[in-house]
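K.L.:
Quick one: the structure is below, questions incoming.
The values are calculated or read from the model by the stated rules, or taken from the named source; none is laboratory data. Note that the structure is a prediction, hence the values are computed from the model and not measured. So basically every Cβ, Gly included, is an ideal-geometry build from the backbone, and we count neighbours across all protein chains shown.
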Amino acid sequence: MRRLAAAKVFGCASVLLSYPGEGFGDDLAAVTGAAATLPAGPARARIESAAGWLGGLAALEAQAGYVDTFDLSRGVCLYLTYYRHGDTRERGMALTALVDAYRSAGFRVVPGELPDYLPALLELAAARPAGAAMLAEHRMALDALRLALENAKSPYSGVLAAVCDALPGPTRRDREALHRYRSQGPPSEQVGLEPFAPPEVLGEKVTLR
């Protein structure tokens with residue numbers, strides 16, 4: 001998919017996969033407008049379908065559905081480093097590397113969300129070619145999340161499918177890692193009382209300058 005169209009898919013997906021809080025109706029209207037400028041095809045259809053579904057829900061219904069899907073469902077996680085590293089010290093190193101990559105791309109870290117939160121990565125991918133490359137490095141996690149949502153018959157699965165289609169195809173290493181994750185789950189480790197990431201990474205959100 002061409003860069004401009006892919007960037008629009010990433011931007012729309014960032015909104016659709018974010019918690020439907022205050023102002024979400026206006027955000028959905030922006031997504032609908034952006035999707036209308038995409039070339040006709042599966043990506044546009046999936047984005048428009050998800051936006052239409054969410055737009056047809058009452059606010060409380062959309063919020064409850066989001067929590068049920070992404071906070072309470074087994075195997076469904078929007079924090080992408082978890083799929084490869086689980087709650088291990090290696091995940092802390094991956095989060096630190098992500099923070100450095102965000103800063104190099106012109107984003108800044110502010111208190112809030114972890115840097116591997118998918119909507120934040122999608123926002124970066126929409127804004128910077130380097131962000132799309134960063135997102136592609138998490139292809140295994142994206143495919144694992146897509147499959148989990150498909151198995152749950154969640155309308156959110158189409159959004160993940162659109163994102164995956166906008167990225168280069170999975171490498172052999174990605175496919176092997178996905179097979180390992182689906183058969184064994186994420187790695188686990190007893191990390192003791194210390195946090196698995198440095199204090200400057202835990203509980204931070206990355207946003208545009």
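K.L.:
May I ask you to list the residues in segment 126-138 that are assigned to a helix (DSSP H, G or I) and either within 16 Å of residue 159 (Cβ to Cβ) or of a type in the set (Val, Ile, Thr) (or both)?
P.N.:
126, 135
K.L.:
Here's something else I'd like to know. When you look at residue 5, is it of a type in the set (A, V, I, L, M), more than 19 Å from the chain's Cα centre (by Cα), under 22 Å from residue 166 (Cα atoms) and surrounded by fewer than 17 Cβ atoms within 10 Å (Cβ to Cβ), yes or no?
P.N.:
In short, no.
K.L.:
Can you confirm whether segment 65-84 contains a residue that is out of contact with any helix residue (DSSP H, G or I) (no Cβ under 6 Å at 6 or more places or on another chain), farther than 21 Å from residue 145 by Cβ and in a helix (DSSP H, G or I)?
P.N.:
Among the residues of segment 65-84, not one is out of contact with any helix residue (DSSP H, G or I) (no Cβ under 6 Å at 6 or more places or on another chain), farther than 21 Å from residue 145 by Cβ and in a helix (DSSP H, G or I), which makes the answer no.
K.L.:
Out of the residues in segment 1-38 that are assigned to a loop (DSSP other than H, G, I, E, B) and among the aliphatic types (A, V, I, L, M), which is nearest to residue 55 (Cα to Cα)?
P.N.:
17
K.L.:
Out of the residues in segment 15-28 that are among the small types (Gly, Ala, Ser) and touching a residue at least 24 places away in the same chain (Cβ under 8 Å), which is farthest from residue 60 (Cα to Cα)?
P.N.:
18
K.L.:
May I pose another question? Does residue 142 satisfy being under 21 Å from residue 16 (Cα atoms), outside any loop (DSSP other than H, G, I, E, B) and in contact (Cβ under 8 Å) with a residue 60 or more places away in the chain?
P.N.:
yes
K.L.:
Assigned to a helix (DSSP H, G or I), buried (at least 20 other Cβ atoms within 10 Å of the Cβ) and out of contact with any Ser or Thr (no Cβ under 9 Å at 6 or more places or on another chain): is that true of residue 158 in this structure?
P.N.:
Considered against the rule, which asks whether it is assigned to a helix (DSSP H, G or I), buried (at least 20 other Cβ atoms within 10 Å of the Cβ) and out of contact with any Ser or Thr (no Cβ under 9 Å at 6 or more places or on another chain), residue 158 comes out as no.
K.L.:
Going by what's in this entry, would residue 30 be described as at pLDDT 95 or above, in contact with a helix residue (DSSP H, G or I) (Cβ under 8 Å, 6 or more places away or on another chain) and loosely packed, with under 15 Cβ neighbours inside 10 Å?
P.N.:
When the stated conditions are applied, residue 30 passes them.
K.L.:
Test residue 123 against the stated conditions and say whether it is crowded, with 18+ Cβ neighbours inside 10 Å and either assigned to a helix (DSSP H, G or I) or touching a residue at least 60 places away in the same chain (Cβ under 8 Å) (or both).
P.N.:
yes
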